[in-house]
Amino acid sequence: DLASVATGGEGRAVDRADPDGLRIEAVDVPAGAPTDVTAGGDGAYLVVIDGSAVDDAGVPFGIGALRFLAPGEVTAVAASPAGARLALLQLPERPSPIAG
């Protein structure tokens, strides 16, 4: 339950990290303080699980909103005056196909 998991000093808590690179993280974004979110691996899904936020393109998104971040993409997220909690669903890196 990422809506209630406690986050650390930087407002982040890993709820699950698998050896294959799959990672699920809760990210708290305080009101008025943009937070950079970076996708690694094969990309990530950013989901609003509490509050609302605005991305670096000025697009607002509320609870349940989902945004895909391409591998290596960085986006700055600013929370509404009440703050926001996001889930970062980090996909593992796919192995390179073997040429044969």
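The values are calculated or read from the model by the stated rules, or taken from the named source; none is laboratory data. Nothing here was measured: the structure is a model prediction, and the numbers come from that model. Methodologically, a virtual Cβ is constructed for each residue, glycine included, from the backbone with ideal geometry; neighbour enumeration extends over all protein chains shown. To get the accessible areas, we keep the full protein, side chains included, count just its heavy atoms, and leave off ligands, DNA and RNA. Shrake-Rupley method; radii C 1.70, N 1.55, O 1.52, S 1.80 Å.
Annotations
- Looking only at residues in the range 42-60 that are over 13 Å from the mean Cα position of the chain (by Cα) and closer than 20 Å to residue 24 by Cβ, the one that is most open to solvent (accessible area, probe 1.4 Å) is 42.
- If the condition is being in a loop (DSSP other than H, G, I, E, B) and closer than 19 Å to residue 90 by Cα, then the range 39-56 contributes 39, 40, 41, 42, 43.
- You will find that of 85, 94, 67, the residue that is open to solvent by 40 Å² or more (accessible area, probe 1.4 Å), modelled with pLDDT of 75 or more and part of a strand (DSSP E or B) is 67 and no other.
- Checking residue 58 against (1) at pLDDT below 90; (2) at positive phi; (3) touching a Pro at 6+ places or on another chain (Cβ under 8 Å); (4) of a type in the set (Gly, Ala, Ser), the condition it does not meet: (3)
- Condition met for residue 79 (small (Gly, Ala, Ser), over 17 Å from residue 11 (Cα atoms) and open to solvent by less than 30 Å² (accessible area, probe 1.4 Å)): no
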